[in-house]
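Asker: Have a look at this one before I ask anything.
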Amino acid sequence: MTYLQNIQTAGFAIETLSLHFYRKTGKIKAFCLSMPKSFVGVCQDIKAYNVLGLANLKLKNLLPEIENFPEIKFLYLQKNVLQSLPVEIRNLSRLVVLNLAQNHFTGLPEVIFQLEKLEELDLSSNKIVQVPAAIGKLTRLKYLNLSDNKIKSFPDEISLLQGLKSLDLRNNPLAHQRTKISALLPNCNILFD
């Protein structure tokens with residue numbers, strides 16, 4: 001019997017992607033969507049559904065069906081037009097890398113703070129104005145990229161991220177916060193302008 005093992009698309013303008021069909025077979029080894037000049041996703045170890053790349057697809061929404069993929073460890077959603085995430089993303093309990101760069105977020109989606117295993121979070125090049133105190137819940141975070149946003153202040157709870165190795169805050173109006181942030185994270189490599 002022949003099984004569908006690879007799915008690739010090119011040049012489609014997708015606003016909402018339903019992942020329903022993807023779960024129908026356990027034989028899919030790779031799920032990658034590509035646009036001209038862009039390869040979407042890191043397609044490694046897909047056999048166990050560990051990586052899902054949905055970048056550069058002009059997605060406006062990520063459907064709740066994302067919860068049907070609790071095995072995902074790496075989720076790449078950069079270069080879309082997302083403004084929010086479905087609450088069901090909290091069921092991705094194994095997620096360690098989440099890339100939401102170059103979207104339209106004005107704040108950190110609250111559901112992110114329920115992703116307890118998250119080690120790398122990229123929210124660069126969005127429209128984020130404020131980082132909530134709940135950031136302190138992401139205690140396993142090692143890399144946080146918030147560059148190219150509109151963040152003016154940072155909560156003291158950032159000090160709870162003792163394992164944080166790298167914090168990118170370039171191109172944010174944080175000049176008056178540098179000393180405070182550096183004192184809260186003395187063992188972290190912090191990038192300012």
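Asker: Quick one: which strands (runs of 3 or more DSSP E) sit completely within the stretch 13-116 and have at least 2 residues that are at pLDDT below 95 and touching a Gly at 6+ places or on another chain (Cβ under 8 Å)?
Answerer: Numbers: elements: 30-35, 51-53, 74-76, 97-99.
Result: 30-35, 51-53.
Asker: Among (1) at pLDDT 95 or above; (2) closer than 16 Å to Pro132 by Cβ; (3) of a type outside the set (Asp, Glu), where does Leu185 come up short?
Answerer: That leaves (2) as the condition not met.
Asker: Moving on. Taking Asn189, is it open to solvent by less than 50 Å² (accessible area, probe 1.4 Å) and under 21 Å from the mean Cα position of the chain (by Cα)?
Answerer: On the way: open to solvent by less than 50 Å² (accessible area, probe 1.4 Å): no; under 21 Å from the mean Cα position of the chain (by Cα): yes.
No.
Asker: Are any residues in the stretch 75-93 over 22 Å from Lys58 (Cβ atoms) and exposed (fewer than 15 other Cβ atoms within 10 Å of the Cβ), and if so, which ones?
Answerer: Hits for the stretch 75-93 are Val87, Ser93.
Asker: Follow-up question, since we're still on this one. Taking only the stretch 117-131 into account, find how many residues are open to solvent by less than 30 Å² (accessible area, probe 1.4 Å), in a loop (DSSP other than H, G, I, E, B) and either touching a residue at least 40 places away in the same chain (Cβ under 8 Å) or not β-branched (Val, Ile, Thr) (or both).
Answerer: 4
Asker: Of the numbered conditions (1) surrounded by fewer than 17 Cβ atoms within 10 Å (Cβ to Cβ); (2) in contact with a Ser or Thr (Cβ under 7 Å, 6 or more places away or on another chain); (3) of a type in the set (Gly, Ala, Ser), Ser147 satisfies every one except a single condition; which is it?
Answerer: That leaves (1) as the condition not met.
Asker: Also: Report yes if some residue within the stretch 151-169 is of a type in the set (Lys, Arg), over 15 Å from the mean Cα position of the chain (by Cα), within 25 Å of Leu95 (Cβ to Cβ) and buried (at least 16 other Cβ atoms within 10 Å of the Cβ); otherwise report no. Walk me through it before giving the result.
Answerer: Just the residues of the stretch 151-169 that are of a type in the set (Lys, Arg), to begin with: 152, 165.
Remaining after also requiring over 15 Å from the mean Cα position of the chain (by Cα): 152, 165.
Subset that is within 25 Å of Leu95 (Cβ to Cβ): 165.
Restricting the remaining residues to those that are buried (at least 16 other Cβ atoms within 10 Å of the Cβ) gives none.
The answer is no, given that none of the residues of the stretch 151-169 is of a type in the set (Lys, Arg), over 15 Å from the mean Cα position of the chain (by Cα), within 25 Å of Leu95 (Cβ to Cβ) and buried (at least 16 other Cβ atoms within 10 Å of the Cβ).
Asker: Then there is this: Answer yes or no: is there a residue in the stretch 56-74 that is open to solvent by less than 60 Å² (accessible area, probe 1.4 Å), closer than 28 Å to Asn189 by Cα, touching a residue at least 40 places away in the same chain (Cβ under 8 Å) and not hydroxyl-bearing (Ser, Thr, Tyr).
Answerer: Looking through the stretch 56-74, none of the residues is open to solvent by less than 60 Å² (accessible area, probe 1.4 Å), closer than 28 Å to Asn189 by Cα, touching a residue at least 40 places away in the same chain (Cβ under 8 Å) and not hydroxyl-bearing (Ser, Thr, Tyr).
The values are calculated or read from the model by the stated rules, or taken from the named source; none is laboratory data. Keep in mind that what you see is a predicted model, and the values were worked out from it rather than measured. Note that each Cβ is placed from the backbone with ideal geometry, even for glycine, and that neighbours are counted across all protein chains shown. Ligands, DNA and RNA are stripped out before the accessible areas are found, and what is left, the full protein with its side chains, is counted by its heavy atoms. Shrake-Rupley method; radii C 1.70, N 1.55, O 1.52, S 1.80 Å.
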